[in-house]
Each structure stands twice: as structure tokens, then as C-alpha cells.
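The structure appears right after this line, and notes come after that.
The values are calculated or read from the model by the stated rules, or taken from the named source; none is laboratory data. None of these values were measured; they are calculated from a predicted model. Using ideal geometry, Cβ is built from the backbone for each residue, glycine included, and neighbour counts are taken over all protein chains shown. All accessible areas refer to the heavy atoms of the entire protein, side chains included, with ligands and DNA or RNA removed. Shrake-Rupley method; radii C 1.70, N 1.55, O 1.52, S 1.80 Å.
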Amino acid sequence: MTPPALPARARVVIIGGGVIGTSIAYHLALTGETDVVLLERDRLTSGTTWHAAGLMTTFGSTSETNTRNRLYSRDLFARLEADTGVATGFKPVGLIEAAADADRLEEYRRVAAFQRHLGLEVHEITPKEMSELFPLAKTDDLLAGFYVPGDGRVNPVDLTMSFARGARQRGVRVLENVPVIDVLTRPRGRVREVVGVRTAYGDIECDRVVNCAGMWARELGERSGVIIPNQAAEHYYLITEPIDGLSPDAPVFEDPAAYGYYREEGGGMMVGLFEPSAAAWRVDGIPADFSFGEITPDWDRMGPFVERAMARVPATLDVGIRTFFCGPESFLPDLAPAVGEAPGIRGYFVCAGMNSVGILSSGGLGRVMAHWITTGHPDVDTTGFNVDRFQAWQLDPGVRRARTAEILGTVYAAHTPGVQLRTARGIHRSPVHDEMVAAGAYLRDVSGWESADWYADPAAPGLSTADPSAHPSDPADLSAPSTPSTPGPAGPPPAGAGDPDEVTPGWGPQPWFRHWAAEHHAVRTAVGLFDMSFMAKFQVTGRGAGAMLARMSAGAVDGPADRVTYTQWLREDGRIVADLTVTKRGADDFLVVASDTAHAHVAGLLDRAIADADVTVTDVTHEVGMLSLQGPRSRDVLQRLTDTDVSHAAFPFRTARSLTIGGRRVLVQRITYVGELGYELYPSATDAPAIWAALREEGAAYGLRPCGLKALSSLRLEKGYRDFGHDIDDADVVPEVGLDFAVARAGGDFIGREAYLAQRLEPARRRLVSVLLDDPEPLLYHAEVVRRDGVAVGYLRSGSYGWTLGGAVGLASVAAGGETVADGAVEVDHAWIDAGQWRVDVAGREVPARVSLRPFYDPTSARVRS
Ligand SMILES: Cc1cc2nc3c(=O)[nH]c(=O)nc-3n(C[C@H](O)[C@H](O)[C@H](O)COP(=O)(O)OP(=O)(O)OC[C@H]3O[C@@H](n4cnc5c(N)ncnc54)[C@H](O)[C@@H]3O)c2cc1C
């Protein structure tokens with residue numbers, strides 16, 4: 001074979017000619033960026049794309065970015081042929097999603113309301129209507145269906161060829177049979193930057209590379225130190241012999257409870273499977289020459305799932321099976337793709353790990369990536385799928401093997417609140433792990449750490465399950481749910497409940513809510529102790545540290561020593577890229593604390609910011625614990641443990657002190673994330689157990705309770721405190737999310753300042769608001785649609801239960817004019833809010849609510865400053 005002629009240079013090199021690589025090439029060309037070369041190891045589609053089932057379904061996501069990406073893909077697939085001349089095979093035959101049980105019905109109603117708000121046409125239909133649309137399915141035992149008339153199917157190979165043609169027509173070079181061996185980089189400051197790629201036929205210089213190598217992406221990334229922990233898994237479908245009466249225009253049918261999806265193929269039925277427990281494939285590495293490949297099916301393992309899936313459409317049992325197919329598809333540990341620029345290498349972009357939805361995601365992701373590559377930043381919220389969210393331990397073969405088998409099984413599982421993943425648990429250990437377990441912690445995974453969600457505290461008086469009214473101060477009796485829920489466990493979870501299956505997930509109130517409520521009340525009325533050692537902590541030192549952090553931070557972080565500053569880091573365009581605290585401990589000594597989910601992201605931002613040789617960043621997350629003591633009696637407890645005066649005058653809000661507690665020096669910051677007087681203690685990991693014990697011992701007289709993350713969430717949402725990646729994200733700007741108070745407006749030369757000042761002058765058409773349901777019973781989780789005078793104007797970013805306020809509470813992003821009214825002239829201000837009648841759609845039920853720009857709990861922060 002004649003070696004292909006390679007260009008010496010291109011601005012962008014895309015590695016991988018599957019549906020993702022070609023879509024990015026096409027979208028780069030659409031933006032006008034045509035100095036692009038796509039290199040495919042073998043032939044286009046030869047990886048996973050060639051054998052995909054081609055479902056183009058939009059239903060099922062409560063992520064705005066995902067939903068918009070899917071809607072964009074669907075729309076693009078219908079019109080791509082007109083641009084490129086190559087048909088995609090898109091057929092909008094419709095989708096029916098079956099709800100077989102109460103949990104799924106509740107989930108799909110919530111999803112439907114959310115996606116409708118974003119423009120999806122979706123109807124809840126009866127089993128009879130399902131039968132009329134898809135007569136071959138047995139529907140008498142189903143509760144309902146969700147019908148999306150615009151969804152359908154597409155031909156993955158034709159779609160890829162159409163993308164490639166559209167890219168080529170605009171000048172992109174698409175070269176097949178060119179394996180990329182390595183990405184070439186050179187140092188730039190504390191990070192690296194891309195300078196080219198090495199292929200089997202020579203090098204190509206480039207500024208940006210895009211790793212779209214599908215299931216090979218992890219190994220290619222590892223060669224450059226980029227963490228992409230995707231792992232291939234066996235993925236199955238079968239195709240039957242022709243079935244009489246099966247129309248080629250029959251809708252796609254999905255019954256997740258039966259593990260199956262169904263669509264017509266060549267007169268027969270394709271039955272695709274997402275089994276509850278799957279199998280990873282080639283954990284040791286994907287063969288370099290695996291092209292248009294198949295995996296030998298494991299009939300024994302799949303038999304029971306296949307039987308159950310086929311039973312939903314009994315006609316499939318009456319004909320023979322023409323094809324039983326198993327192919328590899330790559331999955332990431334949290335079922336979201338790896339997208340964006342690698343933190344440690346400038347110009348190294350990734351778009352891989354598609355979790356079985358690469359075809360239907362390809363259009364949207366291609367558009368997002370092209371924008372990101374050409375402008376340097378995304379134009380949508382990417383906090384949930386940014387490649388910088390991963391940690392090195394997730395590359396471990398054992399972790400990948402176990403988690404991949406589990407995560408594929410969650411695709412068709414009911415996503416009921418309280419469901420926990422069981423694999424890859426306990427990777428990190430809090431220094432007070434044993435203490436939490438001994439106190440009755442019900443543990444949950446927090447970025448590889450085990451942390452208490454709540455404490456069963458069986459020793460506490462009045463908390464036996466026999467007495468559900470043990471907490472008469474509960475604002476609502478949630479022990480008698482009116483919303484459908486699965487039955488709770490017979491008793492409380494065991495102390496130190498290590499097995500997540502001990503507690504039944506459910507949409508409605510659960511027996512353990514009483515523990516959660518008690519913790520919440522303890523913090524509001526007495527004092528609570530949280531372990532938050534999982535928070536990411538960085539020590540930043542050196543003569544240039546203050547100037548560097550001041551440039552990065554919208555808040556004034558380089559003022560007097562011992563000052564704690566809550567701040568955002570912005571991009572040049574004013575979008576928020578991080579939300580954290582910076583504590584100035586001395587002239588050249590700072591502590592940066594961010595959430596666990598932002599760990600690698602913040603580490604990457606710090607590394608990239610170091611231009612001065614005299615700045616050192618040390619990740620001290622594992623060396624330093626974090627114990628948070630919160631509540632009106634927290635000062636009393638702290639004072640009993642130290643000789644230093646901790647009165648309000650001596651130790652004011654947002655300051656830090658180095659205290660001696662039981663002979664141990666501990667950094668203590670007076671700061672809160674729950675809206676009370678409170679302190680964060682940063683003992684060394686070695687000292688943390690002794691400090692925990694001392695706090696519990698001295699705190700007993702003040703009603704101290706160990707508290708979990710459930711209480712943290714309900715407390716912070718009553719007070720309207722934001723959580724990056726949930727209520728605020730990298731598509732938000734400061735004025736819209738109400739964080740102006742944290743910006744040092746008087747001066748400073750921080751990144752994004754010009755943009756921020758301009759944004760402040762704009763009318764606020766979108767704002768983050770606090771929401772409180774009038775009815776104490778319905779529960780809020782996330783994505784519930786908010787209506788003003790009957791018009792959908794936004795949705796809940798986060799929801800919880802306000803045990804002090806007496807109803808479900810949350811933060812919602814609302815836009816004046818809403819999604820449906822082309823009227824952007826109105827501002828979201830107090831007058832506009834007060835003039836509206838507010839309701840929240842909770843699984844199809846319109847619940848009256850109060851909405852406010854100020855938090856409902858302690859709006860003046862008098863308690864925090866007390
Ligand atoms: C059975 C099955 C059914 C599916 N059904 C659906 C569906 O109905 N809907 C849906 O949306 N998704 C579906 N999927 C998922 C979908 O097929 C994938 O998500 C998608 O094809 C992934 O595309 P990709 O471009 O990321 O990867 P790939 O298609 O694997 O492309 C990666 C390319 O990179 C090339 N490459 C690798 N290494 C190098 C290198 N070093 N140099 C150069 N090139 C390299 C490979 O040869 C390959 O062509 C299904 C998957 C399976 C297995």
C-alpha cells in the first residue's frame with residue numbers, strides 16, 4: 001500500500017474517524033476552521049460506529065446540556081443531506097418509553113416535564129395507546145408510556161460518511177489508514193502544550209489535537225499523561241427473522257425494566273439489551289488491529305436477560321434469530337462522556353467515552369467541541385462531562401473492570417433517589433472514617449471517598465423505628481407519604497451501614513428522613529459536626545502566590561493575613577470556572593479549598609496559572625482533614641477546647657486562627673456553608689481523630705450531633721448557598737447567579753473583570769432564585785420546572801427539604817419571558833417575582849410555591865455574623 005501523503009502542518013489534528021471525530025471535523029469546518037486533518041487508523045467507522053443500532057432518541061435526560069445536544073443532533077440528522085449530499089438514513093418513526101413500575105413512572109414524568117420545557121414534544125400515553133402505536137408489545141402490565149413523535153433512528157455509517165463529506169467539501173483533509181502513535185508536546189510553564197502528532201508515516205505539526213479514538217482513547221491519552229478512564233464493555237443486540245405485520249415505520253420501543261429496546265430491522269425485530277450487570281472487555285488494552293470487529297457472545301450470561309427482553313414483544317419468540325451480535329462500546333465511570341481540554345496539556349482536546357449514546361450525541365458534541373477548540377472555551381455547561389473531572393486512580397484495571405460492569409447496568413435502571421453505586425468504593429479514606437462508622441454513618445461515595453450521608457445513631461434516645469414521631473419538632477410529618485414510593489426498610493440501617501442496599505431508594509419520604517431532620521435541627525438550634533475531609537485543598541506559597549491568586553480571583557484574596565475569602569474564578573468572558581475559598585495565612589502562604597468534584601479542575605487551573613517560578617502549589621487534600629463545626633453553640637464548644645479567645649470580637653466572621661486544641665495546632669476558619677455561626681477545622685490527618693473525639697466529647701453538653709451530607713444540602717439550600725456544578729456552572733455569569741457580593745469591585749485586575757463589569761450593566765433577564773413549596777409533602781430533587789403565571793420560566797438546579805422552613809426548598813434558574821415567550825425585555829427583579837403566581841411541576845403535579853431573590857432562611861445573615 002502506498003503510504004498516504006501527510007501534510008507537514010495543520011492547525012488541528014483529529015485522531016479517529018468514527019461518528020465523533022467526523023462530526024467534530026464537520027463542525028470545525030462550519031465555523032470556518034478548515035486547516036484540519038482527520039487521521040483514521042483504519043477506515044472510517046471501523047471502531048464502534050459501524051455496528052451501532054442507530055437509535056436517535058432524545059428522551060431521558062435531566063441535564064440541559066445533554067437535552068439540547070440531543071435535540072440539536074436530531075434536527076441536524078434530518079437536514080444534513082441537504083448540505084452534504086449524503087443521506088443519513090434518519091427516520092423520525094417516534095419513540096415509546098415504557099414505564100413498568102411506579103418508580104419509573106415518577107422518574108419519566110419528571111423527565112418529561114423538564115425536557116418539554118426545553119422544547120421536546122413528549123406525551124404521556126396509556127398502555128392501550130402504546131398498543132395502538134406498537135401492537136407487537138405486551139402492554140397490559142405496563143403503567144404508562146412516554147411518546148416522542150420526533151425521535152427515531154439513523155444509519156450510523158451513513159451519518160459518519162455524511163459528516164466526512166461535509167468536512168471534506170469545506171477543505172478538511174480526511175486520511176484513512178494513518179494510525180497516530182503519539183501526541184507530541186513540549187513544556188510550557190508548569191504544564192505542557194501540543195506541538196504535533198507522530199504517525200506511522202511521519203510527524204504532523206499542529207497546535208491542537210482532538211483525541212476521538214473511541215475505546216482506544218484511554219491508552220492514547222495515557223501516553224501523554226491524560227486521564228481518560230474509559231473502558232470497553234460487551235454490548236448486545238439480536239435481530240430476528242422477519243415478523244409478519246412489522247412495519248418498517250414502526251416506532252422505536254424501549255422497556256428499561258425488561259432491559260430491552262426494539263426496532264424494526266430488515267423486516268425482523270432488533271432487540272437491544274442493557275443488562276443490569278454487564279462485562280468489561282479487554283481491560284488489558286484494546287487490540288491495535290481490531291477493525292469492524294465482533295466479540296463472541298456470552299450466551300450463558302445473557303440468556304436470562306434476552307428471555308426477559310423478548311417476552312415483552314412475544315412475536316420475537318415465534319421466529320428465529322438471524323443475528324446475535326456483541327460489539328464493544330466504551331463507558332466512563334459516571335456514564336458521562338470525557339469532553340474538553342486536558343488540564344495538564346494546552347491544546348490537547350478529548351471527546352471520547354460515549355456510554356452507548358455516541359450516535360445520538362454526535363451532532364451536539366461536535367458543535368460544542370468545535371466552539372471550544374476555536375474559541376478556547378465551551379458555550380454550554382460542561383461541568384458534568386469535562387475531561388478534567390477524572391482522577392488517576394480511575395485508570396486502575398480493577399476499578400475499570402468492576403465499575404464498567406456496573407455502570408452499563410445503570411443505563412436502564414430506575415434512577416430513583418438514594419440509588420448508590422457499589423463498585424470502586426472507598427478508594428480514599430477520611431482520617432475520621434472509623435469515627436463516622438462508629439457513630440452510625442450511612443456511607444455514600446463522594447469522589448472516591450466514603451462520607452456520611454446521615455447517621456442512624458441508634459444510641460440516641462427517642463430514635464427507635466418503633467416511634468416514628470421521635471422528632472416532634474419536624475415541620476411536616478413525612479412518615480406517611482402521599483406520593484408513591486417503594487416501601488422503606490423494616491428498620492433503620494445498621495450502625496455504620498456499609499451496604500448501600502440496606503436502605504431502599506425511593507422518590508417519597510423514607511424512614512431514615514427522621515435522622516436527617518434531627519441533624520438539620522441540631523445545626524439550627526445547637527451544634528453539628530460534619531466531616532468534609534474530601535474537599536480539595538491546595539497550599540499555594542511563594543513570593544508570587546498572592547499576585548497569582550489575586551489575578552485569578554474575583555474576590556479580594558490578597559488583603560490582610562488571616563482573612564478567608566469566598567470567591568469565584570472567572571474566564572475572560574466572565575463565565576464562572578471555579579467557586580472556592582482562599583485563605584491568606586501569611587504574606588506568601590495561602591490555602592485554597594474547593595469541592596471534591598472540582599479537585600482536578602482546580603489543580604489544572606492553578607498549574608496553568610503559574611507563570612512565576614516563585615510559586616509552589618502543593619495538593620494537601622490527603623494530608624489535611626476538614627471538620628466543620630456548625631451551629632449557634634459551636635463557639636461554646638470551641639471555646640471549651642482552647643485557651644485562645646474565640647469570641648466574636650476576637651475571632652470575627654471570615655477570619656482564620658491557628659488554635660491549640662488538646663495540644664495540637666489546628667487551622668480554624670470562621671466560615672459557614674449552612675448559614676449559622678460556625679467553624680471549619682483543618683487538622684493534620686494524623687490529628688483529625690483526636691480533634692473529632694474532643695469535639696464530640698465537649699459538644700455533648702451542647703447537643704452536638706455528627707451530621708451528614710443530607711443535612712449539609714438541606715441547610716445550605718435553605719440559606720441559598722450555591723454549589724458549583726449544580727446550582728452554578730461554567731455557563732453562568734456572576735450577576736445572574738447573585739454572587740456580586742463576592743466580587744472585589746473597587747479594584748483588582750482579575751481575569752474576567754472587564755466582562756463582569758459589562759455584565760453588571762446588562763438587564764438581568766435570568767437569575768438564580770430560592771424556591772420553597774407551600775405544600776410540605778412533595779419533594780424536590782433536581783430539574784423540576786418552575787412556572788410563573790402558568791408560563792415555564794426555568795427549572796430547579798438543586799432541591800432538598802427545608803426542615804426549618806417546612807417544605808421542599810431549592811435553587812432555580814429562571815428567565816424573564818421564559819423559554820416559550822420571545823419577550824426578553826423584562827428583568828428578573830423583586831417586582832417581577834412578587835407580581836407572579838408561582839408553581840413547580842412535581843412529576844406532573846402543579847405545586848404552589850414561593851420564590852425569592854433572597855434566601856428564605858436568615859436573609860440578612862444575622863445568625864452567621866452573631
Ligand atoms: C451494539 C451497540 C449498539 C449501539 N447503539 C447505539 C445507538 O443506537 N445509538 C447511539 O447513539 N449509540 C449507539 N451505540 C454507541 C455508539 O456506537 C458509539 O458511542 C459511537 O459509535 C462511538 O463513536 P466514536 O467516534 O467515539 O468511536 P469509534 O466509532 O470507535 O471511533 C473511534 C475511531 O478512532 C480510530 N482510532 C483509534 N485509535 C486511533 C489512532 N491511534 N490513530 C488513528 N485513529 C485511531 C478507530 O479506528 C475508530 O475508527 C451502540 C454501540 C454498540 C456497541
- Give a residue-ordered list of calculated ³J(HN,Hα) values for the range 328-334 (Karplus: 6.51 cos²θ - 1.76 cosθ + 1.60, θ = phi - 60°; whole Hz; x for Gly, Pro). x, 9, 9, 10, 10, x, 10
- Over the chain, the sum of -39500 (n - 2.57) across DSSP H runs of at least four, divided by residue number and rounded to 500 deg cm²/dmol, gives at 222 nm -7000 deg cm²/dmol
- Task: Sort 561-567, 363-369, 120-126 for me by packing, meaning the mean count of neighbouring Cβ atoms within 10 Å per residue, highest on top.
- Result: 363-369, 561-567, 120-126
- Note on the structure: Here the range 860-866 yields Karplus 3J(HN,Hα) values (6.51, -1.76, 1.60; θ = phi - 60°; whole Hz; Gly and Pro given as x) of 8, 6, 4, 5, 5, 9, 6
- If amide H atoms are built 1.01 Å from N in the plane of the peptide, which residues on other chains or at least 5 residues away come under 5 Å of the amide H of Gly293? none
- Per residue convex hull volume, Cα atoms of the range 121-260, in Å³: 225
- Task: Give the accessible area for Tyr682 in Å² (nearest 10); use a 1.4 Å probe, count only protein heavy atoms, and leave out ligands, DNA and RNA.
- Result: 10
- Item | Amide H within-cut-off set for Thr655, under 5 Å, with H built and near neighbours excluded | Val564, Arg670
- Which three extents, in whole angstrom, do the alpha-carbon atoms of the range 39-192 cover along their principal axes, largest first? 60, 43, 25
- Protein chains only, probe 1.4 Å: how do Phe305, Phe253 rank by accessible area, largest first? Phe305, Phe253
- Which value, in Å² and to the nearest 10, is the accessible area of His830 when all protein chains are kept and the probe is 1.4 Å? 80
- Message: Given a Förster distance of 51 Å, report the FRET efficiency between Glu762 and Arg429 from their Cβ-Cβ distance, rounded to the nearest 0.05.
- Response: 0.60
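Calculate the FRET efficiency for Glu132 and Arg9 from the Cβ-Cβ distance with a Förster distance of 56 Å, rounded to the nearest 0.05.
Step by step, r from the Cβ atoms, then E = 0.40.
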- Query: Pairs of lysine in the chain with Cα under 24 Å and at least 8 positions apart or on different chains: total?
  - Reply: 4
- Item | His521, His515, reordered so the largest accessible area comes first (probe 1.4 Å) | His521, His515
- Item | Calculated Rg and Dmax of the range 678-806 using C-alpha coordinates, Å | 19.5, 56
- Item | Per-residue HN-Hα couplings for the range 388-405 [Karplus 6.51, -1.76, 1.60; θ = phi - 60°; Hz; x = Gly/Pro] | 7, 8, 8, 10, 4, 5, 6, 7, 4, x, x, 5, 5, 4, 6, 5, 5, 4
- With no solvent and one equal point scatterer placed on each C-alpha of the chain, evaluate the Debye formula and give log10 I(q)/I(0) for q = 0.08 Å⁻¹, two decimals. -0.74
- So for Lys710, Lys128, what's the accessible-area order with a 1.4 Å probe, most first? Lys128, Lys710
